[in-house]
Each structure stands twice: as structure tokens, then as C-alpha cells.
1. Tally up the residues in the stretch 18-59 that are of a type in the set (Phe, Trp, Tyr) and within 13 Å of ASN126 (Cβ to Cβ), please.
2. Can you list the helices (runs of 4 or more DSSP H) lying wholly within the stretch 96-199 that have 2 or more residues being at pLDDT 75 or above?
3. Would you be able to tell me the number of residues in the stretch 1-55 that are more than 17 Å from the chain's Cα centre (by Cα), among the small types (Gly, Ala, Ser) and assigned to a helix (DSSP H, G or I)?
4. Going residue by residue through the stretch 72-79, is there one that turns out to be hydrophobic (A, V, I, L, M, F, W, C), assigned to a helix (DSSP H, G or I) and at pLDDT 75 or above?
5. Could you tell me which of the residues ALA41, ALA21, ALA61 is in contact with a helix residue (DSSP H, G or I) (Cβ under 8 Å, 6 or more places away or on another chain), hydrophobic (A, V, I, L, M, F, W, C), under 23 Å from GLY84 (Cβ atoms) and touching a residue at least 40 places away in the same chain (Cβ under 8 Å)?
Amino acid sequence: MVFSIYFILFFKGVLVGFIIAAPVGPIGILCIRRTLGGSYALGLATGLGAGLADTFYGAVAGFSLASVADFIKNNDFYLRLFGGILLGWIGFSILRAPPRQNNAENEGDATLLSSLTSAFLLTVSNPLTLIVFAAAFAAMGIAPLEGSFSQAFVLVAGVFVGANAWWLSLSTTVHLMHHKLSDRQLLWINRSSGVLLCAFSAYMLLSIA
């Protein structure tokens, strides 16, 4: 009976994590761009960073960490400002970068740690994710679990697995398609990615004005 409760919580966590990660927003575009740039590892690191941020927000909602939630809500302006500026800088950098790089060049320009960190910071800078998680948990019939550390832990572990399952599938799919694209196609993807990221940046900054 206890095992079945934990299994259901884990399964629901996986489902919520996958669904919330799946929409292709700025992080998805960044993951695709880095993978197409010639480095599967950088794409995976980007996805892992986003997955860790989703897990953080899932933990805040799952463990009912009111103090952390209040801090995030009270600093909404600064989080969005930071995220908008960082996203604009990344988008501008992509516009200036060549569409196809070899692995050595990629490692010189972007390390696995910097890819993970930038994706984490961009994802965590959107406080609306906390509201989305709370709504998703409620829709799944998951009651606040502040009274059970073990159940909350299992739920958050499921969120981590689900979110990273999406990023792994996205990075792998793009990597398998990478060699079928011409330099011209990669150039247009590169330009489109940079423009879209800059557009997301402008939207984030204008939304807090």
C-alpha cells in the first residue's frame, strides 16, 4: 500500500515535470541551438540546467516552502530583469556566432558548466514557473505534502526525471538530425534562434516596465 502511494506520486511527478518542460520556449531554442552548433554535450548540459531549475520550483511547491515562495514573489521584478538581460546577451551572442562549430571551438567558447549555469539561471528567473507547478500539482490531485518529507522527496524526484527525460529526448533528436542539415539551413536556424531569443528578452523586459 505504501509502495503504491510512492509509485503514484513518482509517476505524477514525472508527468508534471515532462509536461512543464515540453513547451519550446527560450530554453528549448537555446538547447536546440547549442546542440546544432556541433556539441551534443552542450545541449544536454543546457537541458540539465533547465531541468534542475524546474526541480527547484517543483521542490518549493512540493515541500510547501512558504518562505522561499515569498522571497521569489517579492523579488519578481529583479528576477525578470536579470533573466531578460541574460537572455538578450545570449541571443546577441548567437547572432554573432558561426552556425557550425567543431567541438574544440565549442569547448573554448562555452563549457558544460557555463551552459548548465546559464540555462538554470534563465529558467529560475521566471517566477511564474512556481505558479505553474502549484496549478499542475493541484490538477493532478496532489495535496500539500509538508507533513511527509519522504512523499515530497519522491514527488520532486519524479519532477527531475520527467523534466530531464524531455531535455534528453530533445537534445538526442536534434543531434541525430544535425548532420542532415546543410550549412545554409544551419545559418538560418542560427539567425532565427538569435532573433527569437532577443524577442523573448524584449518581452520579458517590457513586461516588467
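The values are calculated or read from the model by the stated rules, or taken from the named source; none is laboratory data. Keep in mind the model is a prediction, meaning the values are calculated, not measured. Here the Cβ positions follow ideal geometry from the backbone for every residue, glycine too, while neighbour counts run over all protein chains shown.
1. As a first pass, look at the stretch 18-59 and keep what is of a type in the set (Phe, Trp, Tyr): 18, 40, 56-57.
Keeping just the survivors that are within 13 Å of ASN126 (Cβ to Cβ) gives 56-57.
Number satisfying all stated conditions: 2.
2. Numbers: elements: 103-109, 112-124, 128-139, 149-178.
The helices (runs of 4 or more DSSP H) meeting that bar are 112-124, 128-139, 149-178.
3. Adding up the residues that qualify gives 1.
4. Yes, there is a match, as at least one residue in the stretch 72-79 is hydrophobic (A, V, I, L, M, F, W, C), assigned to a helix (DSSP H, G or I) and at pLDDT 75 or above.
5. Working: ALA41 fails: under 23 Å from GLY84 (Cβ atoms); ALA61 fails: under 23 Å from GLY84 (Cβ atoms).
From the options ALA41, ALA21, ALA61, the qualifying one is ALA21.
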